[in-house]
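Data first, discussion second: the structure below is written as structure tokens.
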Amino acid sequence: NGTFSQDIPLVPGANSVIATAVDKAGNIGNSPTVTVTFDTTKPVVTITTPQNNLLTNVAAQEIKGTVDNPAVTSVTLYLNGTPSTISVSGGNFNTTVPLGSGSNSIEVRATVGSNTGTSGTINVTVDNTAPNLTVGMTPPTNSITVTVASDKALAEPPTVTINATPLVTFIMNATDVN
């Protein structure tokens, strides 16, 4: 007469558990077999949008991605370390979040049982500061050479407009693009 307990390590996959005991008279008793499945597979989580190391001036960013396990119905989004829950439908998640100015870290985690899969951390930088431009010119003759310098990397060469006339706009040639 008694109750006994013991922690027993499992192996990945199916584990058959049966208890056997011998009473004082020498009779052997067996429990029914119980099968316990130990699943060590973590869900695979992928962020498809936005791309890692995105530099943008748009604070509202759509976070899209996938989870490979159909049992997952929600994931946890960590935006700069703060968690929030996102629904998963058909293995897809999608939400729009407001990012702060500067660097933002984004991670998505999915959990099935005791197994948690992560997307890994991606970074998105929001930059709303316009570049500071300086203009230099050669002494005027019948033409001038205009040099424009920027304190930031530019996506394309700057344009120069003369006398605010739309017909006289020049796209500058890149001489030292950073």
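Name the strands (runs of 3 or more DSSP E) wholly within the range 50-159 that hold at least 2 residues that are of a type outside the set (Ser, Thr, Tyr) and modelled with pLDDT under 90?
133-137, 146-150
Regarding Pro158, is this residue over 30 Å from Pro43 (Cα atoms), touching a residue at least 24 places away in the same chain (Cβ under 8 Å) and touching a strand residue (DSSP E or B) at 6+ places or on another chain (Cβ under 6 Å)? Answer is yes for this residue. Screening the range 13-60 for residues that are within 30 Å of Lys152 (Cα to Cα) and of a type in the set (A, V, I, L, M, F, W, C) and picking the one that is most open to solvent (accessible area, probe 1.4 Å) gives Leu55.
Restricting attention to the range 17-53, the residues that are in contact (Cβ under 8 Å) with a residue 40 or more places away in the chain and in contact with a Gly (Cβ under 8 Å, 6 or more places away or on another chain) total 7. Examine the range 62-84 for a residue that is surrounded by 11 or more Cβ atoms within 10 Å (Cβ to Cβ), farther than 30 Å from Lys152 by Cα and in contact with a Leu (Cβ under 8 Å, 6 or more places away or on another chain), and state whether such a residue exists. Among the residues of the range 62-84, at least one is surrounded by 11 or more Cβ atoms within 10 Å (Cβ to Cβ), farther than 30 Å from Lys152 by Cα and in contact with a Leu (Cβ under 8 Å, 6 or more places away or on another chain), which makes the answer yes. For the range 85-115, a tally of residues being open to solvent by 60 Å² or more (accessible area, probe 1.4 Å) and either in contact (Cβ under 8 Å) with a residue 40 or more places away in the chain or within 10 Å of the chain's Cα centre (by Cα) (or both) returns 4. Could you list, in sequence order, the residues of the range 1-49 that are over 47 Å from the mean Cα position of the chain (by Cα), of a type in the set (S, T, N, Q) and in a strand (DSSP E or B)? Selection gives Thr20, Asn30.
The values are calculated or read from the model by the stated rules, or taken from the named source; none is laboratory data. Since the model is a prediction, treat every value here as computed from it, not as a measurement. When we count neighbours, we look across all protein chains shown, and the Cβ atoms used for this are built from the backbone with ideal geometry, even at glycine. Remember, those area values only see protein heavy atoms, side chains included, never the ligands or the DNA or RNA. Shrake-Rupley method; radii C 1.70, N 1.55, O 1.52, S 1.80 Å.
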